[in-house]
Amino acid sequence: MWKPKLLPNLMLASLLIVTSAAMALDSDRKQPISLEADSAVMDEAKGHYVYSGNVVVIQGTMTISASSVEILMNADGDIDSFHAVGNDAAQAHLEQITESDKSQLDAWADDLVYKVIADVITLTGNAALHQHGNQFSGDTINYSVADEKVKASAKPNTKQRVKMIFNPGS
């Protein structure tokens, strides 16, 4: 059962995760955060937070949609990582206007992990990333947020291949 004092802590955890993302527009970091889910479980002692069921996080131009979102804190109480998972009906999805050129970044995968300190997003399972008019897809995509570098790979021992579409001038 929910205790009234837990809600502010859950919202704080959500605030920390979203405001720590380097890809957010500066103006996004100043916007209020809306977080909705069917349920939430918090273990503050372990720094472990889980939001489940049609999770939607919105702050400014950024939206994260997933079946579940797990937040892990480090020993200093800062966000270490967040893990968004899709389901059979829909993949985890992140959309964001980028700081560098104000273009839209879209990322989809069965499994999406954002390592805050390393500033890396790892998309696994039918992964796709669209940015600057370019498209990347494969089994796994590693995206370095700070320097906007993409590394895509296919599933080993399969006929799957990495697909990249580059649009000149974008």
The pairs in LYS46/LYS151; LYS115/LYS151; LYS115/LYS163 lying past 21 Å Cα-Cα in this model are LYS46/LYS151; LYS115/LYS163
Are there GluC sites (Glu not before Pro) in the range 86-170 that DSSP puts in a loop and that have at most 11 other Cβ atoms within 10 Å, and which ones? none
Sequence order, the range 100-108: Karplus ³J(HN,Hα) from phi using 6.51 cos²θ - 1.76 cosθ + 1.60, θ = phi - 60°, Hz rounded, Gly and Pro as x, gives 4, 9, 6, 7, 8, 9, 10, 9, 10
What does the extension gain come out to for THR158 and ALA146, with contour length at 0.36 nm per residue minus their alpha carbon separation? 1.2 nm
If the cut-off is 12 Å between C-alpha atoms, which aspartates and glutamates fall inside it for LYS149, apart from same-chain ones fewer than 8 positions away? ASP119
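Every read-out reported here was derived from the displayed coordinates using simple, explicitly stated rules and does not represent laboratory data. Predicted model only: the values in this text are computed from it and were never measured. For neighbour counting, all protein chains shown are included, and Cβ atoms are generated from backbone atoms with ideal geometry for every residue, glycine included.
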